[in-house]
Every structure is written in C-alpha cells, then in structure tokens.
Amino acid sequence: MDEVPNPWFSWTYLERNSDEVLRQLSIHTTLTLQAIAIAVLIALPLAIVARRIPRLAGPIMGLSGVMYTIPSFALFALLAPFTGIGRTTVLIGLVIYALLVLVRNTLVGLQGVDADVVDAAKGLGYTPTRLMFAVELPNALPSILAGLRIATVSTVALVTVGVVVGYGGLGQLMFRGFQSDYRAQILTASILCLLLALVLDLALVLLGRLAMPWTRRRQTA
C-alpha cells in the first residue's frame, strides 16, 4: 500500500483552508499590534518617571525584568484562572513581555541625550514637560525605535504560545499540524509568522525614517 503524500509545501492546503489561514493571520496580526500599542502606552510613562526620579529606575526595571523571566507557558496558565481562556489572557501576557524591552530602551535613550543640549534648552526657559517632549524624547527616538522593533518581532513569535489558552493565532495552525503530523499546515503557519515579523519590522524602519528625517541627512552627507 502506497504511503499517503505528506509534503511540506502544498497549494492544495492553502486553497482548501484559505479562510481559516487568513482568519488566524488576522488574529495574530491584531494581537501583535494591540499588545505593542498598549505596551508603549505603559512603557513610555514608566521610562519618563524612571528618568525624572532616578531612585525609581531600579524598582521599575527590576519589576519589568522579573515579569520577563516568567516562562510564557507558565504565565498564560497563571493568568487564565483570573482573566479566562482566550484573547484577554494572551494580550496581557504579550504586554508584560514587551514592557522590559520598551522601558529599558526608552530609558537608555533618555539617559543618552547630550547634557549640553538639555542645558541649552533649560537656558532658553523650557519647562520640564516641554523639555521632555520637545528635546529629550526626539533625541531618544533611535533607541526607542530599536526597542520597538525588538519587542514587535518577539511579540509575533510569542503570540503562537497563546495556543495554551486556545488563542494563539497562527500557533493554532501549528499545533493542529503537529497533532496530525500535517507538514504543510506547520510550514505554512511558520512562514506566515516569519513574513509577518518581517513586514512589521520593515514598516517600523520606514516609520523611523519619517519620524527622524535628520538620520537620512546624516547618511547622505
């Protein structure tokens, strides 16, 4: 009896399951974007506080680091009894993992702003708020963007772990493929994860060039 073909590449799989593949890709993408957006909204104020009140920098970074070291499977399992099975649990976990990178890079960027530039702005009468948003944050953008790129790509990968609570986007397809030994399903989901990470990373690079036109002038000078 001939063995049933089980290829790694299969257009037939995509044709027959395109709706499900697109649905899981959409879930994966929206989860990633939502998690990063929420993490940025939390990380930015935390980094500013750590910059303004140095004695709080250690506790803020320490707490972020401790949460980051919790294994993803364990974290989702620990959250599930309180937040339920599904999207909310996965989203909270993704935000927690993105925080360390975003807070650290934002704080490093703020601390790296040239002291002479800060002193000059103070001499011009800049208030602390105006100084932060008009001088320090713009100068910290390269570091912030680097952290954002790392957090985004890692979040794309971590979404797949959400399968442990039944909401893993493309991870659902991978899990089903491993269960049934369906290679095309496994590889399709894996490639889509890689492409999603690449597209989002390139989008952030373009966004960075738009937000920091002075970097383009340096490169062409």
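The values are calculated or read from the model by the stated rules, or taken from the named source; none is laboratory data. Since this is a predicted model, take the numbers as computed values, not measurements. Cβ: placed from backbone, ideal geometry, glycine included. Neighbour counts: every protein chain shown.
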Check: Would region 60-74 turn up any residue that is at pLDDT below 85 and among the small types (Gly, Ala, Ser)?
Finding: yes
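How do the helices (runs of 4 or more DSSP H) wholly within region 28-139 filter down when requiring 1 or more residues that are closer than 28 Å to Leu198 by Cα and without any contact (Cβ under 8 Å) to a residue 60 or more places away in the chain: which remain?
Where helices (runs of 4 or more DSSP H) fall fully within region 28-139 and carry at least 1 residues being closer than 28 Å to Leu198 by Cα and without any contact (Cβ under 8 Å) to a residue 60 or more places away in the chain, they are 57-69, 72-83, 87-111.
Okay, residues lined up against (1) under 21 Å from Leu41 (Cβ atoms); (2) surrounded by 14 or more Cβ atoms within 10 Å (Cβ to Cβ); (3) among the acidic types (Asp, Glu):
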position: Thr69; (1), (2), (3): no, no, no
position: Phe73; (1), (2), (3): no, no, no
position: Ile85; (1), (2), (3): no, yes, no
position: Asn105; (1), (2), (3): yes, yes, no
position: Ala115; (1), (2), (3): no, no, no
position: Leu158; (1), (2), (3): yes, yes, no
Margin query: Scan region 137-153 and tell me whether some residue there is out of contact with any Gly (no Cβ under 9 Å at 6 or more places or on another chain) and over 22 Å from Val205 (Cα atoms).
Written below: no
Next item on the list: Please state which of the following conditions Ala151 fails to meet, knowing it meets all the rest: (1) in contact with a Leu (Cβ under 6 Å, 6 or more places away or on another chain); (2) farther than 30 Å from Thr83 by Cα.
Entry: (2)
Next item on the list: Would you mind telling me which numbered condition in (1) assigned to a loop (DSSP other than H, G, I, E, B); (2) under 27 Å from Leu206 (Cβ atoms); (3) in contact with a Gly (Cβ under 8 Å, 6 or more places away or on another chain) Ala189 fails?
Entry: (1)
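Any residue that is under 22 Å from the mean Cα position of the chain (by Cα) and farther than 30 Å from Ser190 by Cβ - is there at least one of those in region 67-89?
To start, the set of residues in region 67-89 that are under 22 Å from the mean Cα position of the chain (by Cα) comprises 67-80, 83, 85-89.
Then drop every residue that is not farther than 30 Å from Ser190 by Cβ, which leaves none.
No: region 67-89 contains no residue that is under 22 Å from the mean Cα position of the chain (by Cα) and farther than 30 Å from Ser190 by Cβ.
One line per residue, one yes/no per condition, for (1) at pLDDT below 90; (2) closer than 19 Å to Tyr68 by Cα:
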| site | (1), (2) |
| --- | --- |
| Val108 | no, yes |
| Asp114 | yes, no |
| Gly123 | yes, no |
| Gly166 | yes, no |
| Arg176 | yes, no |
| Thr188 | yes, no |
| Asp201 | no, no |
| Arg209 | yes, no |
Note to self: Just to be sure I understand, how many residues within region 140-177 are outside any helix (DSSP H, G or I) and out of contact with any Lys or Arg (no Cβ under 6 Å at 6 or more places or on another chain)?
What the structure shows: 3
Notebook entry, point to check: How many residues are basic (Lys, Arg) and buried (at least 18 other Cβ atoms within 10 Å of the Cβ) if we restrict to region 1-57?
Noted result: 1
Next item on the list: Working only within region 1-27, note down all residues that are part of a helix (DSSP H, G or I) and in contact with a Lys or Arg (Cβ under 9 Å, 6 or more places away or on another chain).
Entry: Ile27
